[in-house]
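Asker: A single structure is presented below for examination.
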Amino acid sequence: MSADGVDRARRAWARLSPGARAAAGVIAVFALASLLAPWLAPYRVGQQIDIVHLASLPPSWAHPFGTDRYSRDVFTRILYGGRVSLSIATLAVVVSATVGTLYGAVAGYAGGAVDTVMMRVIDALLSVPRVLMLIAVLALWSPVPVAALVLLIGLTGWFDIARLVRAQALALREREFVVAARALGAGPARIVRRHVLPNVLGPVIVAGALAVGNVIVLEAGLSFLGIGVHEPLASWGMMFQDATDQFVSAWWAVIFPGAAIVATVLAFNTLGDALRDVLDPRQLPGHAALEPPETAHG
Amino acid sequence: MGRRIGARIVQAVVVLWVVATLAFILIHAAPGDPFGYDAPSVTPAVRAHWRHLYGYDRPLGTQYVLWLRNLARGDLGYSVSMHEPVRDALANALPRTLYLMGVAVVASFALGIGLALFQVRRLGTRRARWAGAVALFFYSLPDFWLALVLLLAFAYWWPILPAGYPVDMVMHGYMAPWPAFVDRLRHLVLPALTLTLLTTAAVARFQRQELLDVLPLDFVRTARAKGLDERAVIRRHVLRNALIPTITLFGLALPALLGGAVFVEKIYAWQGMGWLAISAIGMRDYPLVLAAVLVGTAMVVLGNLVADLAYVAADPRLRVG
């Protein structure tokens, strides 16, 4: 990031609302807690402490979030689960943002027939029911390695970002500084790299923050169905899957991982909303995932 | 207009064909087939016979051509796990999903637009901020978690509603028309409520932004200047213009709604498309899985088509160019 970028980031932080700063704080706490899980966790990961006497215990001082039916400490598992959930979501969104930004920048800057064809492809891809397709593919190919899971989620989530970037690139094309660069003899590759990409970064960051929240939910849902991550890894969604059939008798094994998901996703969405207000007041109408196609009809 | 509709229909068919091909490859290339299940009593010779009978021993290309040809004739194949033609399985499941999603769509668009109006009318007040926070909270909830918590709350801790199935599986057939109707409604409440809460939050967030985009425009200032009171300005001028983009939201929200329905149907044993798809996947019932993906895609494509045409009908500016 250039010095200008750092400066912009600093100014953006100064304009964030208290709620948004709290959200950033929550994300930082969860990220740190996951990173430091080996030192923070009271028990070893996956440790079945005493399956005869200590299974399905309600919350207590020794086990703040109780234990599950295999006598594993729920608090420990949430700390380690955060590693899996957060890193899968972040990596998947990085994949989506990279593909989407490049695709959108090329389509928007190229314009004309190239743009039309590339956008029609996106329209088609947006018609595929993502969750249903992911469930079918993941379940039939199960067990899928984590890297493939990240790629599958990432490669099915870049369409909105591509649209967003394309709209920006289309507008940038006609701006004076881009026209000037073109007049000075800069090639398309250079213009996209030096002038288009830096200027679409703001909206991409906003869409990315909101997408992390969505992907955490998506991964949790897939793992809840038993087709996301697999043992010995455990994400927050997988803790659900382990515990749902006894959640009437041991609600803590369901409620606490769920609360971790909700708190994290809420934090990412709050931050995304606030960043949108700060970074680009008028450039990103509505939610990225539900944005209407800006008059491709006209 | 006619040309436009024609072009969109051609595009929709192409999309369906591409998705069908992609799904066929991804699903058939997966390890295993419908007859690979673990059962010691089934000898390899019997399995081979079944595979031959249903065509699973042929080359993938041949299977694809046959499947596509049958599909063009409206024949979706035979579901081994349901012991009936795929079409019959779908005929039972699809109406249930449409019923559930229809209720959720109507309720959530009405509630979401209402909530957004509330926020914009009281812009900057504490109550408006609270409404925004509540919308954001529900927007952040995982669908399956909300379904489970509602199930726990209203079917177990405070058991006022049934826990699953579209109707009472034992008694429904013996009920008089009125109790049968009530039974149906009571089973609908929890699944529909789950989907509605999640979708309402998305609609409200979207609609609020659209309203805020219209608010600073010149014609709004004109309306205020000629002395209309604020309620009339918002209802007659702001809302009417801000509702147009919401038409496209309907098309774009469908995939998410369908995804939510998969989880909701699984948790509440609501035997619709999502429930059918998950059970078919578990049995490696390829024709049924493919059909479920295809019907899901067709629903989204159709929804987008309708939304697109409605958009043109609603916005006179688009009819000129």
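Only the coordinates and a few stated rules stand behind these numbers; no lab work does. These figures come from a predicted structure and were not determined experimentally. Quick reminder, even Gly has a Cβ in these numbers, built from the backbone with ideal geometry, and neighbours come from all protein chains shown.
Asker: Please list, by residue number, every one of the chymotrypsin sites (Phe, Trp or Tyr not before Pro) in the range A:40-72 that is coil in DSSP and has at most 11 other beta-carbon atoms within 10 Å.
Answerer: On the way: sites: A:TYR43, A:TRP61, A:PHE65, A:TYR70; in loops: A:TYR43, A:TRP61, A:PHE65, A:TYR70.
Passing sites in the range A:40-72 are A:TRP61.
Asker: Where the centre of each part is set by its Cα atoms, how far does the range A:204-250 sit from the range B:42-93, in angstrom?
Answerer: 33
Asker: Please compute one quarter of the surface area of the Cα convex hull for the range B:67-205 and express it in square nanometres.
Answerer: 12.6
Asker: Also, quick follow-up: Taking R0 as 60 Å, what FRET efficiency do you get between B:TYR174 and A:THR116 from their Cβ-Cβ distance, rounded to the nearest 0.05?
Answerer: 0.50
Asker: Same structure, new question: Select from A:GLY185, A:GLY202, A:GLY81 the residue whose mean-square fluctuation is largest in a Gaussian network model of chain A (Cα-Cα springs shorter than 10 Å).
Answerer: A:GLY185
Asker: What's the local net charge at B:LEU148, with K and R +1, D and E -1, over the other residues with C-beta under 15 Å away? Before the final figure, lay out the partial values.
Answerer: Numbers: positive: B:LYS266; negative: A:ASP242, A:ASP245, B:ASP143, B:GLU265.
For residues surrounding B:LEU148, the net value is -3.
Asker: Next question, about the same structure. Measure out, as a whole number of angstrom, how far apart the alpha-carbon centroids of the range B:174-217 and the range B:254-321 sit.
Answerer: Here the two parts' Cα centres lie 17 Å apart.
Asker: Report ³J(HN,Hα) in whole Hz for each residue of the range A:194-200, in order, from the Karplus equation J = 6.51 cos²θ - 1.76 cosθ + 1.60 where θ = phi - 60°; Gly and Pro get x.
Answerer: Calculated HN-Hα couplings, in order: 8, 10, 7, 4, x, 7, 9 Hz.
Asker: Sticking with this structure for a sec: In vacuum, with every alpha carbon of the range B:166-265 counted as one equal point scatterer, what does the Debye formula give for log10 I(q)/I(0) at q = 0.10, 0.13, 0.14, 0.15 Å⁻¹? Two decimals, please.
Answerer: -0.50, -0.67, -0.71, -0.75
Asker: Quick check on the exposure proxy: order B:THR21, A:THR156 from fewest to most C-beta atoms within 10 angstrom.
Answerer: B:THR21, A:THR156
Asker: While we're looking at this one, here's another question. Return the whole-Å distance between the Cα centroid of the range B:100-160 and the Cα centroid of the range A:116-172.
Answerer: Distance between centres, Cα-based: 27 Å.
Asker: Which part of the range B:77-93 falls in the paramagnetic zone of B:MET283, meaning amide N under 11 Å from the point 7 Å along Cα-to-beta-carbon?
Answerer: In the range B:77-93, the label zone of B:MET283 (backbone N under 11 Å from the point 7 Å along Cα→Cβ) covers B:79-86, B:89.
Asker: To continue, here is another question. Give me the compactness ratio for chain A, meaning the Cα radius of gyration over 2.2 N^0.38 Å.
Answerer: 1.15
Asker: Still on this structure: Within 10 Å of each residue's Cβ, count the other Cβ atoms and sort B:ARG126, B:ARG221 from fewest upward.
Answerer: Fewest to most other Cβ atoms nearby, the residues stand as B:ARG126, B:ARG221.
Asker: Let me ask another. For A:LEU54 and B:ARG87, what is the calculated FRET efficiency with R₀ set at 51 Å and r taken between the beta-carbons, to the nearest 0.05? Don't skip to the answer; put the middle values down first.
Answerer: Values: r = 53 Å, r/R0 = 1.03.
Once the sixth-power term is evaluated, E becomes 0.45.
Asker: To the nearest 500 deg cm²/dmol, what mean residue ellipticity at 222 nm is calculated for chain B from DSSP H runs of n ≥ 4 alone, each contributing -39,500 (n - 2.57), summed and divided by the residues?
Answerer: -24000 deg cm²/dmol
Asker: Would you calculate the separation in nanometres between label points at A:ASP277 and B:VAL13, each defined as 7 Å from the Cα along the Cα-to-beta-carbon direction?
Answerer: About 5.0 nm, to one decimal.
Asker: Moving on. If the chain between B:PHE181 and B:LEU302 were fully stretched, how many nm would it gain, using 0.36 nm times the residue separation less the Cα-Cα distance?
Answerer: Contour length minus the Cα-Cα distance gives 40.5 nm.
Asker: Modelling each spin label as a point 7 Å along the Cα-to-Cβ direction, I'd like the A:ALA22/B:ALA45 distance in nm, to one decimal.
Answerer: In this crude spin-label approximation the distance works out to 7.3 nm.
Asker: Related question: Report the residue, chosen from B:MET82, B:MET101, B:MET273, that carries the largest GNM mean-square fluctuation when chain B is represented by alpha-carbon nodes joined by springs under 10 Å.
Answerer: Result for chain B, Cα springs under 10 Å: B:MET82 fluctuates most.
Asker: What average number of partner chain Cβ atoms lie no more than 10 Å from the Cβ of the residues making up B:15-22? Before the final figure, lay out the partial values.
Answerer: Values: counts 8, 2, 0, 5, 6, 0, 0, 4.
That average works out to 3.
Asker: Something else about it: For peptide A:185-197, how many partner chain Cβ atoms fall within 10 Å of a residue's Cβ, on average?
Answerer: Mean partner shielding for this stretch: 0.
Asker: Enumerate the amide H contacts of A:PHE65 below 5 Å, restricted to partners 5 or more residues apart or on another chain; note that Pro and chain-start residues carry no placed amide H.
Answerer: A:SER60, A:VAL74, A:PHE75
Asker: Between A:VAL94 and A:ALA62, with labels modelled 7 Å along Cα→Cβ, what's the label distance in nm to one decimal, could you check?
Answerer: 4.1
Asker: Let me ask another. Add -39500 (n - 2.57) for each DSSP H run of 4 or more in chain A, then divide by its residues: what number comes out at 222 nm, to the nearest 500 deg cm²/dmol? Mind dumping the intermediate values first?
Answerer: Numbers: 13 runs with 199 residues, N = 298.
About -22000 deg cm²/dmol.
Asker: Between beta-carbons, use under 15 Å as the cut-off and find the net charge around A:SER85, counting Lys and Arg +1, Asp and Glu -1.
Answerer: 0
Asker: Taking amide H positions as placed 1.01 Å from N in the peptide plane, with prolines and chain starts having none, which residues 5 or more places from B:GLU84, or on another chain, fall under 5 Å of its amide H?
Answerer: B:SER79
Asker: Follow-up. Provide A:TRP251, B:TRP275 in ascending order of the number of other Cβ atoms located within 10 Å of each residue's Cβ, fewest first.
Answerer: Going from least to most buried by this count: A:TRP251, B:TRP275.
Asker: May I ask you to derive the FRET efficiency for B:VAL189 and B:TYR37 from their Cβ-Cβ distance with R0 = 30 Å, giving the value to the nearest 0.05?
Answerer: Details: r = 37 Å, r/R0 = 1.23.
In this case the efficiency is close to 0.25.
Asker: Averaged over B:251-257, how many beta carbons belonging to a partner chain fall within 10 Å of each residue's beta carbon?
Answerer: Going residue by residue through B:251-257 and averaging, the value is 5.
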